[in-house]
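These notes concern the structure reproduced below.
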Amino acid sequence: MDIFNYDPAAVLSLILTMMRVSIVMFMLPVFSTNNIPMQVKAAVTIVFSLGVWPQLSLPGTAMPAHPFDMGLMLLGEVVLGLVLGMIVNFLFMGIQAGGELLGFQMGFTMINFADPLTGNQTGATAFFLWMVSLLAFLSLDGHLYMIKGFAASFRLVPPGGLLLGDTLLWQVLHLAAGLFILALKIAAPVMVALFMVEVALALVARISPQVHIMEFGFPAKIGVGFFFVGLLLVVMADEVERFINGMDGIFTNVLRSMSPLYQ
């Protein structure tokens, strides 16, 4: 008599589901931040796995028997999480890159903060724009779109079936090119305004040499920079909204390029 009365295939299916949730989901932005305690991440992993398992479970027969095959499967899940997380990170990295350019032009290169997303040091303006973009991303339900794209991976990419090809490479390169375009869109208007301030200060120094340009120039550049950064927030919110509206298509195309079902 089997006192436990459990199905081994169902247990293996739950383990595979928890493995993908714990690896892939917490490589996505917002969920991967170091500010979330490990105990909270573990609890969310268990709850989320139990929530999606009845509908989006991975088959228990896909569990490999050999440890080497298990390692390959884990490596594939890590790559899947890195790719999906990199897609969304391109947005925040582009905004941070534009903020770093603004900080350099405004004279804020000596002021750095700890970026909670990466743990690295970042400039004041880059940190401010990152915080605003993250709040806009969450307020527009961007995290729900990430979870939706993550849920689609259960259907398109089976465990151990990840494929890496030139199609995925070109899609990632295209998204990476958009990172630099977004950084220029953010930084260019403010950089032009600050350049005009520099020209005006040069003319003042030429006309009135007795004026202390260094004492007058820094407050003028900071004031003009903050004024245009305030105007820039509307443009940045539109860029975040446009990115979120296209996340379904981006996730679908990337997952199909890694899926054996569409090769």
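Miscellaneous remarks
- Contacts under 7 angstrom Cβ, first residue in the range 122-137 being without any contact (Cβ under 8 Å) to a residue 60 or more places away in the chain, partner assigned to a strand (DSSP E or B), 6 or more apart: Thr122/Asn112; Thr122/Phe113; Gly123/Asn112; Ala124/Phe113; Phe127/Phe113
- Among the residues of the range 142-163, those that are touching a residue at least 40 places away in the same chain (Cβ under 8 Å), within 16 Å of Asn89 (Cα to Cα), out of contact with any Asp or Glu (no Cβ under 8 Å at 6 or more places or on another chain) and not β-branched (Val, Ile, Thr) comprise Gly142, His143, Met146, Phe150.
Okay, residues lined up against (1) at pLDDT below 80; (2) among the hydroxyl-bearing types (Ser, Thr, Tyr); (3) over 21 Å from Val234 (Cα atoms):
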site: Ile87; (1), (2), (3): no, no, yes
site: Phe90; (1), (2), (3): no, no, no
site: Gln96; (1), (2), (3): no, no, no
site: Met110; (1), (2), (3): yes, no, yes
site: Gln121; (1), (2), (3): yes, no, yes
site: Leu138; (1), (2), (3): no, no, no
site: His143; (1), (2), (3): no, no, no
site: Ala151; (1), (2), (3): no, no, yes
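- Scan of the range 33-82 for residues that are of a type in the set (Val, Ile, Thr), at pLDDT below 70 and surrounded by fewer than 14 Cβ atoms within 10 Å (Cβ to Cβ), ordered by number: Thr61
- Of all residue pairs spaced 6 or more apart or on separate chains, those with beta-carbon atoms under 7 Å, a first member in the range 42-54 that is touching a residue at least 12 places away in the same chain (Cβ under 8 Å) and farther than 17 Å from Leu28 by Cα and a second member that is of a type in the set (A, V, I, L, M) and part of a helix (DSSP H, G or I) are Val52/Ala151; Trp53/Leu14.
The values are calculated or read from the model by the stated rules, or taken from the named source; none is laboratory data. In this text the structure is predicted, and so the values were computed from the model without any measurement. Methodologically, a virtual Cβ is constructed for each residue, glycine included, from the backbone with ideal geometry; neighbour enumeration extends over all protein chains shown.
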